[in-house]
Every structure is written in structure tokens, then in C-alpha cells.
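Structure in C-alpha cells, see below.
Taken together, the values in this text are just the output of simple stated rules run on the coordinates, not laboratory data. All values reported here derive from a predicted model rather than from experimental measurement. FYI the Cβ positions are ideal-geometry reconstructions off the backbone, even for glycines, and counts take in every protein chain you see.
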């Protein structure tokens, strides 16, 4: 497969306005990931079975230390919705919480011998459909993706490739599109929900590749990948082609990405002190990577300026890492969780505003099509997460009635978008009230 790429020279400058502050944490164990269920409810996981949870945006964090009897490190976590969150240990045990991280239970384990397999990432498309990636710790050092369709109770292996020099480190899905890949630059993408996968290769700048994370926005088109030695690439076509971005700050290692929208891109970094930034830095772009800023976080020197996870809500950004450090700063809200697109011609594809609005029960919408076509109508929350699919399939020309069950959603702002052969509709906002 031919992967086309280009080198894009960017302008990066220090940010003078970002004010990061350290939040008090009840543990000194290293934290590997942080996820947001709502603006105020977050979970961070890490070493020795550490799970931290907050209900007030991090003003106070509570240690949930009775979850993992083996005290295995939690390497990855994923927030499925506002209440359901999962965390995976490095040895292949999956724990779940149904109450926003307050209490936890074992959902299941991978069918591997403890210590033979190392987990790096987890992603759930729904409460039942989940994916874990990792690598063997024993010969022949194979790389596996595991899938569950029953919430983690049972798992089926999806063998992708065998390369003793690489490890599967990341997995991400946006709708039917998905991506996974290794630190050596080999990656796989799917457009059918994981039924089939196409192999590709990230561009090599000539000094080798060591990738740690790949993340796509909710449009399924805009994605970033990065890793050691300031390696940073961007795709705008779902991973078909990639462009090298020139990040001019020392030997930073991009450890985790978070895309609030295709334009609003954030990344945490590891060991930036090697490049002369002992305080630690966060990468931020508000134009999809065309330009960017680096923000000095001001971490304790004992943390070596290393952050392994980042998450950004509609109001705050958070980074976590060595020493159990949690830093945060205020952010400007993203107007919508999806990429702005040109309005489709009204006669081709038109989505009417929801009613009633605010909604407490069923919110009604109408979709008008000028010609028969396949259409997908989706609802997203304020963090850009898909919360409902109102329709997915062919429709005849004319006006069609749709409904959104507001009673099944937590109070807050949501947007609805229709996508079809006739284009993409403007988003329609709906407020869920109680």
C-alpha cells in the first residue's frame, strides 16, 4: 500500500496566557491515563492498582484502592458515557464502573497467562463492544488486538501482525472507523467497525519512528499521531495519507493526544527536560495543527516534566504523570463537538431544529431529502462523544420524522447531525432538562 506524505513546517510559540495549577492528589503513584465522563466527573488510573475519582472537577480526588486484589498497574481507561467507565490492568484484567467511578467490579480477563501479555490501551464503542491492544512478553512476541461484545466477560483475539521489534500501543474508534498500530509506525485502519483491517505505514522522517499514540476527531477524518523525538504527523482523510509536522521544541516525546474537535488539538509530553524544558510542556493547536503553542506546565522537578495522559473537557484541561501529579487549567469552550462544514443545499439534505427544546422526554426532528440516499443521523454530547444514533440506513426522498429520547440522557447540551450523499447538515442543538 502506498502511503503519501508531505513535510509541513509549522510555527510554534510559547503561550503566555496558560496558567496551570497543581491539584491535590491522595496518591504518589504514577498516573498513566485520565478520562472525563462529564465536566466535573473524571477518573485517573495508574501504578499499583491506583484509581482516582473526582465529582467536582478535581477540587478533591478520592482514592479507590480496594478494586484490584493483585495491585496490578492500570495502564488504560475509557469513559463510555457519563456513568460507565472501564479500566484495564497491564496483565489483562478489565474492571468496570456503572456509577461514574465510585465503585468497581471485575468485568473479565483476557484468556492469557498472567505475565505473558502486556496491555497498552482500551477502547469501547458501546457498553458491550470493546477492544484491547497489547503484545506478548514471551516469544514469539506477537501483537494482538482483543475484542469483546459482551462488556468484557469474554474476549476473541484478532491477530494483526507478528513483529518482535514492535508493540501495539493504541486503539481508537469513531463510528465504524477505527485505528490501531505499533510504535514502529505500522498501523491498521478499518471502515466497517473492525470486521476488516487495512495495513499502512506512517511517514519516516529518516531517523526512525517511535510512535506512542494516535487519535482521531469525531469527524473520523482528522487525526494525529506522535511519539519520541518530537515525531508528529497529521491526517485529514481518515488515515489514508499523512503529513509530517515540524515541532521545533527539543526532544519532546508526545505521549497522549486529545482532540476536542478537528481544530482543537491537545497533547501531553514525556521527558521534555531533555529538550531544556524542565517544567514540562503541553502542545495545543486551535487550527488543526496549522500552527501551535507549547505551554509550560510548571511541574515539580522530581516529576522530570513527564506527563503520560491528557483530557480536555468543555471548561478545563488536565494532565497526569509521574509522582501522581495532576495539573489543570481553564479552557475556552469549543462551540460544537464536530467540525464546521459547509451547509448542504437545503433541498438536498435538511435537518430541522428539535422540538420541544429544552426536552425532557422525546425530542422530535424532521429530515428532508431531495433524493433517495443512505443517511446517518447522530447525537453528540458536549465532549464530542456519540450518545445516540437516530437513524442509519437508506431513506426515500421526502420528509422523515425522527426522535431523540432525552429521558435516556443526562441533563446538558447535545447536538444532532445528519450525514448522507447529499452532504452534511448543520448541527442542531438540543438542551436536555429534568
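Any idea how far apart residue 116 and residue 157 come out in nm if each label point goes 7 Å out from Cα toward Cβ?
Rounded to a tenth, the inter-label distance reads 0.8 nm.
How high is the relative contact order of region 71-179, in percent, counting Cα pairs under 8 Å that sit 6 or more residues apart? Walk me through the intermediate numbers first.
On the way: 268 pairs, mean separation 21.2, N = 109.
The normalised contact order for region 71-179 reaches 19 percent.
In nm, give the distance between the simple-model label positions of residue 63 and residue 408, each being 7 Å from the Cα along the Cα-to-Cβ direction.
A separation of 4.0 nm, rounded to one decimal place.
Taking 0.36 nm per intervening residue step and subtracting the Cα-Cα distance, what contour gain separates residue 204 from residue 176 on full extension?
Once the chain is fully extended between residue 204 and residue 176, it gains 7.3 nm.
Could you tell me the relative contact order of region 175-247? Use alpha-carbon pairs under 8 Å, at least six residues apart, and round to a whole percent.
Once normalised by length, the contact order is 21 percent.
A follow-up question, please. So, R0 is 41 Å and r is the distance between the beta-carbons of residue 147 and residue 19; what FRET efficiency does that work out to, to 0.05?
With a Förster radius of 41 Å, E is 0.45.
Relative contact order for region 118-214 using alpha-carbon pairs under 8 Å, separation at least 6, rounded to a whole percent?
This gives 19 percent for region 118-214.
Return the whole-Å distance between the Cα centroid of region 184-252 and the Cα centroid of region 367-423.
30 Å
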